[in-house]
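Peer 1: Got a structure here, written out as structure tokens. Questions coming.
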Amino acid sequence: MPMTVIQWFPGHMAKAKREVQEKLKLIDVAFELLDARLPMSSRNPMIDDILGQKPRLILLNKADMADEAVTEQWIRYFRGQGRTAIAIDAQSGTGVRQIAFIAKEMVKEKFEKMRAKGIKNPRPVRALIVGIPNVGKSTLINRLAGRHIAKTGDKPGVTKAQQWIKVGKEMELLDTPGILWPKFEDEDVGFKLAVTGAIKDEILNLQDVAAYALRFLSVHYPERLSERYRLDSIPDDIVALFDAIGRRRGCLTAGGGIDYDKVADIVLYDIRTEKLGRLSFETPASWT
Ligand code: GDP
């Protein structure tokens, strides 16, 4: 499926915020979907302001691709901030079954008050998924629905009425997620989103993105680089590292030089398809 292309101009951001806030009126709990490999970089910078006091469950998605120990650190970090966070993999469904259960717990008091007011059978808990493009919102909606729900934006110009998707007997989910923008101002954030494939490759220079990734891996996962590209040592110099990988992989230009575009393609492909193993691009310690 082609990646969602959304141009975020100030007007669009204001509109996105307004649309999410309209949806918030309809729901009891928001699911803030983040990428477990980069929870802060995949987070909307205004999320606290947008969601306000609405109960919120943080879902660290794509946990299957993230470093497990680091994901645990993030869960503790969010819990330390008084939030509830769990790791999930929407693609395979791991962890997804807990969501409705936790959501119900989170709104227990509100529903008890409804019961106290004499409402005997409170309606199902109503929920909304919010997150930046590509964190897995559609995948999670389909997973929770147990079937394929067409993605809004699949057909340009076609807006359909919002509907509730039943998730078991006790939860209902809005079929259209709240789409928010990432934190663009920070260059690191942009690079990390690009490395993981959340930003269209065409808008960035792939060699720059791969160089960013290689610098990060040289510091945090050097053994993975050595192993994957059979390198005895990791050169400090980034061009020397491109050269070394290029030679190993036979990425040569017609003139016999190293084809840096090809090296960049290989490195990014390997990261995105887990050929370099499970990677996390930020830790609570690196963030604060
Ligand atoms: P959306 O733009 O937020 O709706 O994101 P999508 O649901 O379209 O997902 C973006 C990409 O991430 C797709 O290629 C999905 O298959 C993939 N994806 C979503 N969730 C997971 C997950 O938990 N694990 C992995 N490995 N991939 C996922």
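Throughout, read-outs are computed from the coordinates displayed, never taken from laboratory work. Keep in mind it's a predicted model, so treat the numbers as computed, not measured. Positions of Cβ are generated from backbone atoms using ideal geometry, with glycine treated the same way; all protein chains shown enter the neighbour counts.
Peer 1: Taking the Cα centre of segment 204-284 as origin and charging only Cβ (+1 Lys, Arg; -1 Asp, Glu), how large is the dipole, in debye to the nearest 20? Each step should come with its number before you reach the end.
Peer 2: Values: 11 positive and 13 negative charges, 58 e Å.
In debye, rounded to 20, segment 204-284 gives about 280.
Peer 1: Given a Förster distance of 25 angstrom, what is the FRET efficiency for His12 paired with Asp49, based on the Cβ-Cβ distance and rounded to 0.05? Could you put the intermediate results ahead of the total?
Peer 2: Details: r = 17 Å, r/R0 = 0.68.
The formula returns an efficiency of 0.90 here.
Peer 1: Under 20 °C and 1.002 mPa s, how fast does the chain diffuse according to Stokes-Einstein, given a Kirkwood radius computed over C-alpha pairs? Answer in µm²/s, whole number. Before the final figure, lay out each step's value.
Peer 2: Details: Rh = 20.6 Å.
Answer from the Stokes-Einstein relation: 104 µm²/s.
Peer 1: Using unit Cβ charges (K, R positive; D, E negative) and no other charged atoms, how large, in debye to the nearest 20, is the dipole of the chain about its Cα centre?
Peer 2: Taking the Cα centre of the chain as origin, the dipole is about 1940 debye.
Peer 1: Moving on to the next point. Suppose each label sits 7 Å from its Cα in the direction of the beta carbon; what would the Leu231-Lys110 distance come out to in nanometres?
Peer 2: 5.0 nm
Peer 1: Here is a further query. Where in the chain are the DSSP H helices whose alpha-carbon span along the long axis reaches 20 Å or more and whose Kyte-Doolittle mean is at least -1.0?
Peer 2: What comes out of the filter, once short or polar helices are dropped, is 206-220.
Peer 1: Take Asp208, Asp243 and order them by how many other Cβ atoms sit within 10 Å, fewest up front. Walk me through the numbers on the way to the answer.
Peer 2: Working: Asp208 12, Asp243 17.
With the sparsest Cβ surroundings first, the list reads Asp208, Asp243.
Peer 1: Beyond 26 Å, what share of the Cα-Cα pairs of segment 10-172 remains, rounded to the nearest whole percent?
Peer 2: On the way: 3705 of 13203 pairs.
Considering segment 10-172, 28 percent of its Cα-Cα pairs are separated by more than 26 Å.
Peer 1: For the chain, set up a GNM with springs between Cα atoms under 10 Å and report which of Asp67, Asp236, Asp261 has the largest fluctuation.
Peer 2: For the chain, modelled as a Gaussian network with Cα springs under 10 Å, the answer is Asp236.
Peer 1: Then there's this: Rank these for me by crowding, His220, His12, going from fewest to most other beta carbons within 10 Å. Write down the numbers at each step before the final one.
Peer 2: Values: His220 16, His12 13.
Listed from fewest to most nearby Cβ atoms, that is His12, His220.
Peer 1: Which loop trypsin sites (Lys or Arg not before Pro) in segment 50-97, with loop taken from DSSP, have no more than 15 other Cβ atoms within 10 angstrom of their Cβ?
Peer 2: On the way: sites: Arg56, Lys62, Arg76, Arg79, Arg83, Arg97; in loops: Lys62, Arg83.
Hits after loop and neighbour filter: Arg83.
Peer 1: When Val267, Val125 are ordered from fewest to most other Cβ atoms inside 10 Å of their Cβ, what list results? Write down the numbers at each step before the final one.
Peer 2: Numbers: Val267 28, Val125 23.
By the 10 Å Cβ count, ascending: Val125, Val267.
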